[in-house]
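The values are calculated or read from the model by the stated rules, or taken from the named source; none is laboratory data. None of these values were measured; they are calculated from a predicted model. As a convention, Cβ positions derive from the backbone with ideal geometry for all residues, glycine included, and neighbour counts pool all protein chains shown. Keep in mind that these areas ignore ligands, DNA and RNA; they rest on the heavy atoms of the full protein, side chains included. Shrake-Rupley method; radii C 1.70, N 1.55, O 1.52, S 1.80 Å.
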Amino acid sequence: MVLLAATIGYAHAQSEVYLCVDEHGNKEYKNTGATKGCKRVELPGITTIPAPVARKSSRPSAAAKTSASPPDFPKVDSGTQKTRDTDRKQILLDEMKAEEQKLANLKKEYGNGEPERRGDERNYAKYQERVSGMKDDINRSEKNIEALKRELGNLK
């Protein structure tokens, strides 16, 4: 059966190839030479190498056991990992506190969409540009807080 499949693949790979040139000079390779302007192309033989035979394990449990990391991958003891997780949680809490403080300051300065105009904003377009930037900063800060909350939720 395998020999038959290999023979068919070999026969298909060794089929004739024709180079056809149309009246505009465009070249096209085909497997039939029935069209005018086609010439058969001689191709070198194709070398095929069979795939190696898979070895069966003498221990059935070795094949069933899957490992997420290689056996020589460094392992961390549970105490060290717990310390790292605690540190990570504290860092995330600190970041969230800072981001919430930043958001409170931005909202205070924003003043419900009507912040005070500064002296250098005689042009109303400059004022609108600053207000738009403030709104973008508030949205970004809110998204950062949401992301930090998701991260903290993933730790638990």
Would you say ALA51 is open to solvent by 70 Å² or more (accessible area, probe 1.4 Å), in contact with a Ser or Thr (Cβ under 6 Å, 6 or more places away or on another chain) and either assigned to a loop (DSSP other than H, G, I, E, B) or at pLDDT below 75 (or both)?
no
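Here is a list: GLY45, GLY79. Which entry is farther than 30 Å from TYR29 by Cα and either assigned to a loop (DSSP other than H, G, I, E, B) or at pLDDT 85 or above (or both)?
GLY79
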ASN112 part of a loop (DSSP other than H, G, I, E, B), among the polar types (S, T, N, Q) and out of contact with any helix residue (DSSP H, G or I) (no Cβ under 8 Å at 6 or more places or on another chain)
yes
Regarding the stretch 13-22, can at least one residue be identified that is among the hydroxyl-bearing types (Ser, Thr, Tyr), closer than 30 Å to ILE145 by Cβ, open to solvent by less than 90 Å² (accessible area, probe 1.4 Å) and at pLDDT 85 or above?
no
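Looking at LYS102, LYS89 in this structure, which one is without any contact (Cβ under 8 Å) to a residue 40 or more places away in the chain and either closer than 28 Å to ASN154 by Cα or assigned to a helix (DSSP H, G or I) (or both)?
Result of the check over LYS102, LYS89: LYS102.
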Tally time: how many residues in the stretch 90-126 are open to solvent by less than 80 Å² (accessible area, probe 1.4 Å) and not acidic (Asp, Glu)?
13
